[in-house]
Amino acid sequence: MQGNEQQAYDRGITIFSPDGRLYQVEYAREAVKRGTPSVGIRTADGVVLAADRHARSPLIERDSIEKIHEIDDHVGVASAGHVADARQLIDVARRQAQVNRLRYDEPASVEALTKEVTDYIQQYTQTGGARPFGVALLVAGIENGEPRLFETDPSGTPYEWQAVAIGGSREDIQTFLEDEYKEEMDLEAGIELALRALASINEDGLDATGVDIATIDVESEQFSTLPEDEVTDRLAEFELGGEE
């Protein structure tokens with residue numbers, strides 16, 4: 001009988017374990033850890049998003065691997081975990097951003113947008129017949145002239161960060177960021193830190209085709225991605241590229 005009870009709260013998203021845990025949410029966090037890492041850096045000049053998008057086969061078209069997405073002119077998202085789950089949440093964020101523009105004729109608050117997404121995520125932690133989203137997101141943007149950077153968790157909890165990593169090897173990358181991050185750094189220094197953070201767990205160095213970088217700067221408040229040739233130049237400049 002005891003075994004059946006344990007099986008119930010282990011598999012059921014709506015049932016707490018005797019020590020107050022939701023195992024399905026914790027399993028969703030494990031799914032995030034199996035994804036390739038993404039990094040967010042908040043600087044005085046804007047926010048940087050960087051993501052590892054290595055293909056599991058040389059036959060896969062690189063452009064079909066999407067890790068960083070534009071939500072609105074001033075907001076971008078990087079993901080780690082189940083890609084299909086990320087796409088669903090990105091659609092939620094994009095719809096909410098457009099609703100805000102149509103209803104209030106102004107760009108959506110980054111914090112409010114993040115909380116709309118996490119409210120949606122949270123519903124799937126207490127609904128029978130559903131499962132939590134096996135993905136974490138980094139939501140970055142400019143709000144009232146200030147850079148903001150948030151993380152979403154499979155539990156539906158938002159966290160605001162100065163610098164953060166999600167996905168595989170998060171602990172190692174986070175330790176690197178805690179040692180190297182400086183609050184006064186500019187956007188270019190943020191790009192370098194993001195690349196160095198991803199390279200810190202890759203003994204073979206980074207390849208420009210396997211890295212996505214996007215920025216949202218305070219001056220223009222525009223989301224933009226770095227072309228592959230610029231990523232290549234920066235990897236060479238910072239001596240982070242793999243051996244030919």
Q) Name the chymotrypsin sites (Phe, Trp or Tyr not before Pro) in the range 14-61 that are in a loop by DSSP and that have at most 12 other C-beta atoms within 10 Å, would you? A) PHE16
Q) Between GLY46 and residues 5 or more places away or on another chain, which pairs have amide H atoms under 5 Å apart, with H built 1.01 Å from N, and which residues are they? A) VAL218
Q) Leaving out ligands, DNA and RNA, what percent of the accessible area of the chain is carbon and sulfur, probe 1.4 Å? A) 43 percent
Q) Could you work out Rg/(2.2 N^0.38 Å) for the chain, with Rg from alpha carbons only? A) 1.05
Q) If eta is 1.002 mPa s and T is 20 °C, what Stokes-Einstein diffusion coefficient results for the range 170-244, Kirkwood Rh from Cα pairs, in µm²/s? A) 163 µm²/s
Q: Kindly write out, for the range 191-206 in residue order, the coupling ³J(HN,Hα) from the Karplus curve 6.51 cos²θ - 1.76 cosθ + 1.60 (θ = phi - 60°), rounded to whole Hz, with x marking Gly and Pro.
A: 4, 4, 5, 4, 5, 5, 5, 5, 5, 5, 10, 10, 5, 8, x, 9
Q.
Leaving out ligands and nucleic acids, and using a 1.4 Å probe, what accessible area per residue does the chain come to in Å²?
A. 52 Å²
Q) With each pseudo-label sitting 7 Å past Cα toward Cβ, what's the ILE201-VAL83 distance in nm, one decimal? A) 1.8 nm
Q | Three-way shape call for the range 1-114 based on the alpha-carbon gyration tensor, with the a/c threshold at 1.5 | A | oblate
Q. Between GLN123 and ARG11, how many nm apart are label points set 7 Å from Cα along the C-beta direction?
A. 2.6 nm
**Q.** Point-to-point label distance, ASP105-GLU146, nm (Cα→Cβ direction, 7 Å offset)
**A.** 2.6 nm
**Q.** Residue-averaged 222 nm ellipticity for the chain, from DSSP H runs of 4+ at -39500 (n - 2.57), nearest 500
**A.** -12000 deg cm²/dmol
Q: Could you tell me the distance between the Cα centroids of the range 11-52 and the range 129-144, to the nearest Å?
A: 9 Å
Q.
With a cap of 14 neighbouring Cβ atoms within 10 Å, and only residues DSSP puts in a loop, list the trypsin sites (Lys or Arg not before Pro) found in the range 21-52.
A. ARG21, ARG34
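The values are calculated or read from the model by the stated rules, or taken from the named source; none is laboratory data. The structure presented is a predicted model; accordingly, all values stated were derived computationally and were not measured. Don't worry about glycine lacking a Cβ; one is built from the backbone with ideal geometry, like all the others, and counts go over all protein chains shown. Protein only, heavy atoms only, side chains kept; ligands, DNA and RNA dropped before computing areas. Shrake-Rupley method; radii C 1.70, N 1.55, O 1.52, S 1.80 Å.
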